[in-house]
Structures are given as structure tokens and as C-alpha cells.
Amino acid sequence: MRRTLFITLCCVVCAVTLHAQTILNGHVFENKTRIALHGVMVENLGNKKKAITGDDGRFSIAAKTGDLLVLKNFGYQTDTLLLTDLHDKEIFLEPQRTQLKQVTITDSSANVVQAAKNMHYYDPQFHGQTMVYHRNLKKEFDGGVILRLHYFKGDEKKKNKAKEKEQQRILNDEISTIFTADNISHYLPLRDADLANFLLLYTPDIKIYNSKDFNLLGYLNASYKTWLTLTPDQRRAGQIFNKQ
């Protein structure tokens, strides 16, 4: 009787131990682009275990149902995942969009003249140019101000246009990196000429790619369904457009 009870207890302990040591496997991607993310810190708040994603974005960590995972990586918004089961997980992180806050500098000096000497600020009415107090021949403040003009409005427009072109270049580079035959072949059953023609027709432009509701898998799925309805000549239409 005692031996049977001992064996039963051992089985229960083993079962509990196995449950506590279950390993969860996951795969972390960047949202929209589905690029695998390397170096993401994955922490299980339930057992304090931590893991870091490899070059392919994969990780393994001890976990059980009910545990809460926290995922952190520089440049991406922190995300959490409540484990309702222990199936392999695909997790998507949103890029962090940082906006610099406006900084106001004030002088706490009680001496008005000393405060005026220390004060340099940017006036938005003058397109952000530096303003300083004007001095007379005796180096005394006479109540006027001096604008240090570094650029005119025309230059500002040129800078904004150059910035816009640079942003477009970065987006075009992202699109070119994602929509390659090698990468897209992992998602669609197309090869060789068919795959090349598909890319000519359905590689998205910046407007489509940068839209808020763009999702790589959803876009490819919808495009492939349309592709299946095309005639052979229509599928080769991208070659004509590409030559023009």
C-alpha cells in the first residue's frame, strides 16, 4: 500500500515538474514588413525567466498557461502577451515613432542685465532664427534685438523637399528588400517567370506600402487571389509596363 502511494506521489510530482518546465517557442517580427527581429528581450513575469531572439527572430523560454510575457527592443514599442496556450507563437512589434519635445530654456538669475546676457532663444515668427538683445556703442542694452538669419524661407522649402525625398528613398529601399523573388517565394507557390511577373505587377508603391492598414500577408493573399484570375497575357502585362 505504501509502495503504491509512493509511486503515485512520484508520478504526480513528475507531472507537475514537467508542466512547470514546458518550453514555449516563438518568432518575433516587425509589424507590416514581417522582418524577423534580432535581439528582442523576452521576459516571463511569472517565473522571471528571460530569453533573447536570435538572428532569425526565434526564441524559447520556460512558460506555462497563464504566464505573461513582456517583449522589449530598442526602437520598438514594448508589447505583452498573455499565454492562453503553449502553441508556437508569432509576435509582431510596432516600430517606435519618437517625437522630440519642445524645450524651453529659462534663466533664474535675479539680475535682469545678467539674465539678458544669458538669453538666446528661437522665435517661430522669424522661422526659428536666433534672436539676441542689441547693444549700443557702450556695450549697453538699448532695447532692440538682432536676428541672426541663417536661411530664408526658400531654403526651408528646399530642406523639406530634400527630407521628403530621403524618406521616399528609405521606403523604396524597404520595398525593394522585401519584394524580392527569394523572399516572396516563401509565401507564394510561384517560381521563375511566374514569380517575376507577379513581382512586376504587385510590388506596391510607396502610397500603398506606407498606408496604415498595409499588412504583408494580407496584401500578398489578396494579390495572389487576383493573380489566379488573370489570363497568361495579363500576367505578362508587367513586362510591358516595365519596358516603358
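Laboratory data are not the source of any read-out in this text; all were calculated from the coordinates shown. Predicted model only: the values in this text are computed from it and were never measured. Here the Cβ is made from the backbone with ideal geometry for all residues, glycine too, and neighbour counts use every protein chain on show.
Evaluate E = 1/(1 + (r/R0)^6) for I208 and L86, where r is the Cβ-Cβ distance and R0 equals 35 Å; express this FRET efficiency to the nearest 0.05.
Here the calculated transfer efficiency is 0.40.
Between E94 and K50, what length in nm is gained on full extension when 0.36 nm per residue of separation is reduced by their alpha carbon distance?
Full extension of this stretch gives 13.8 nm more.
Among K32/K159; K32/K72; K89/K225; K32/K207; K165/K212, which pairs are too far apart, with a Cα-Cα distance over 22 Å?
Distance filter (> 22 Å) returns K32/K159; K89/K225.
Counting only residues 5 or more places away or on other chains, whose amide H sits under 5 Å from the amide H of F92 once H atoms are built in the peptide plane?
Under 5 Å from the amide H of F92 lie the amide H atoms of F29, each far enough along the sequence or on another chain.
Give the cross-link partners of K158 among the aspartates and glutamates, using a straight C-alpha distance below 13 Å as the criterion and excluding same-chain residues fewer than 8 apart.
Once the sequence-local aspartates and glutamates are set aside, what remains near K158 is E166.
In terms of Cα to Cα distance under 13 Å, which aspartates and glutamates are near enough to K163, apart from those fewer than 8 places away along the same chain?
In chain and number order, the partners are D155.
Lys and Arg at +1, Asp and Glu at -1: add these up for the other residues within a Cβ distance under 14 Å of L37 and post the number.
Result for the neighbourhood of L37: -1.
Explain nothing, just compute: Karplus ³J(HN,Hα) = 6.51 cos²θ - 1.76 cosθ + 1.60, θ = phi - 60°, for every residue of segment 193-201 in order, whole Hz, x for Gly and Pro.
5, 4, 5, 4, 5, 4, 5, 5, 7
What nm value, rounded to one decimal, do you get for the distance between N172 and R236 when each label is placed 7 Å out toward the C-beta?
2.9 nm
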